[in-house]
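Down below is the structure, laid out as structure tokens.
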Amino acid sequence: MNALNLYPQQNNCRNALDLSGIWQFQPDPTDTGINSGWASALPQPRHIALPGSWNEQHADLRDYTDAAW
């Protein structure tokens, strides 16, 4: 396998889309987001920069690995 295959590629079968920017983010440790309608609005959003890891951007989420929006 060629290592170049791991990079984002735009072609007939793939659509490369840059999602870089500042995004609203909401941890969901109790998995209530779907039933609470978080797809429409997050109750207490935080900002995170993408690309990036929420674990490195918010000290209280350093070891958080549960669901998030």
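For the stretch 18-69, what is the convex hull volume of the alpha-carbon atoms per residue, in Å³? Let's see the in-between values first.
Values: hull volume 4.3 nm³, N = 52.
It is 83 Å³ per residue.
Can you put Ser20, Ser40 in order of Cβ neighbours within 10 angstrom, beginning with the fewest?
On the way: Ser20 9, Ser40 6.
Ordered from fewest to most neighbouring Cβ atoms within 10 Å, Ser20, Ser40 come out as Ser40, Ser20.
Note on the chain: GNM, Cα springs under 10 Å; of Trp54, Trp38, Trp23, the largest mean-square fluctuation is that of Trp38.
Counting Lys and Arg as +1 and Asp and Glu as -1, each charge on the Cβ, what is the dipole of the chain about the Cα centre in debye, to the nearest 20? Write down the numbers at each step before the final one.
Values: 3 positive and 7 negative charges, 53 e Å.
Using Cβ point charges on Lys, Arg, Asp and Glu, the chain gives about 260 debye.
In this label model, Gln24 and Asn12 are separated by 4.0 nm, measuring between points 7 Å along each Cα→Cβ vector.
Less than 5 angstrom separates the built amide H of Trp69 from those of Gln26, Asp28, all sequence-distant by 5 or more or on a different chain. Of the residues Ala59, Pro29, Tyr7, the one whose Cα sits farthest towards the positive end of the charge dipole of the chain is Tyr7 (charges of +1 on Lys and Arg Cβ, -1 on Asp and Glu Cβ, taken about the Cα centre).
We did not get these values from a lab; they are worked out from the coordinates using the rules stated. From a predicted model like this one, the values you see are computed outputs, not experimental measurements. FYI the Cβ positions are ideal-geometry reconstructions off the backbone, even for glycines, and counts take in every protein chain you see.
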